[in-house]
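To start, the structure itself, in structure tokens.
The values are calculated or read from the model by the stated rules, or taken from the named source; none is laboratory data. From a predicted model like this one, the values you see are computed outputs, not experimental measurements. In this analysis, Cβ positions are derived from the backbone assuming ideal geometry, glycine residues included, and neighbour counts consider all displayed protein chains. With ligands, DNA and RNA removed, areas are computed over all heavy atoms of the protein, side chains included. Shrake-Rupley method; radii C 1.70, N 1.55, O 1.52, S 1.80 Å.
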Amino acid sequence: MSLFDKFEDFKMDVLKEVGNIGTGNAATALSRLIGKPVDMAVPKVSLLSFEDIAERVGGSEQVVTAVFLRVEGEAPGNLFFILSPESAEKLLRHVLSIEPNEQSDGPFTEMERSALNEIGNILAGSYLSSLADFTKLSMAPTVPSIAVDMAGAILSYGLMQFGHMGDDALLIDTTFLEDGASIEGQFFLIPDPESFEKIFSALGVPNE
């Protein structure tokens, strides 16, 4: 029985709750960081294959901003927070009150990259903490990195950087709401092959 078949019966209720709690924690942490309220919509949670990740963000040649890191602990894996160029700029402008600098040599200045990296770090910590609370497994993020490149190149780099990735990914669609602006991003958790079974077992999903 495939991972997807198992979750068909499980209905992903627990993972949706993980997304809800993680989003609430992330909104609180971001509000404290920037000193103003941050609203985030109820996330959509789904499972997809590793090969489908690039398609979900516009295709392998779509230029994206990605914060990526390694997850360490009892259920190791890899994590990517991916934004379109438009979403990254809106996130800087509406949530962080940073006006993107069009005079910089690259897509973003060092300060802008640092701000986006910190948001990715806060989201990663919030969602992983929520998942760890539900599963009682230790899961901790490493120091994140940020890249602006084609989605396929970023995922390929992740493979080289972190080694073989699992075949399946947990997707949490994250949406920031600020002054009428809707800012969407995708959070992909890609557990190592043996880690998904550990997570399933901890969540009460049968292995048969």
| said: Filter segment 76-95 down to the residues that are in contact with a Pro (Cβ under 6 Å, 6 or more places away or on another chain) and under 18 Å from Leu189 (Cα atoms) and list them by number. | reply: Gly77
| said: So Glu99 passes all but one of these: (1) out of contact with any Lys or Arg (no Cβ under 9 Å at 6 or more places or on another chain); (2) open to solvent by 20 Å² or more (accessible area, probe 1.4 Å); (3) of a type outside the set (Lys, Arg); (4) not in a helix (DSSP H, G or I). Which condition number does it fail? | reply: (1)
| said: Show the residue pairs meeting these rules: Cβ distance below 6 Å; 6+ apart or different chains; first residue within segment 9-37 and within 28 Å of Phe200 (Cβ to Cβ) and among the β-branched types (Val, Ile, Thr); second residue part of a helix (DSSP H, G or I) and at pLDDT 85 or above. | reply: Val18/Ser130; Val18/Leu131; Val18/Phe134; Ile21/Ser130
| message | Go through (1) surrounded by fewer than 20 Cβ atoms within 10 Å (Cβ to Cβ); (2) more than 17 Å from Ser195 (Cα to Cα) for Phe134 and report which single condition fails. | response | (2)
| Residue under evaluation Ala169, criteria (1) farther than 22 Å from Leu96 by Cα; (2) open to solvent by 50 Å² or more (accessible area, probe 1.4 Å); (3) modelled with pLDDT of 85 or more; (4) not aromatic (Phe, Trp, Tyr), criterion not met | (2)
| Given the residues Ser156, Ser130, which is the only one that is free of Cβ contacts under 8 Å to residues at least 24 places away in the same chain and over 13 Å from Ile82 (Cα atoms)? | Ser156
| remark: When Gly59 is run through (1) open to solvent by 30 Å² or more (accessible area, probe 1.4 Å); (2) in contact (Cβ under 8 Å) with a residue 60 or more places away in the chain; (3) part of a loop (DSSP other than H, G, I, E, B); (4) not hydrophobic (A, V, I, L, M, F, W, C), the failure sits at (1)
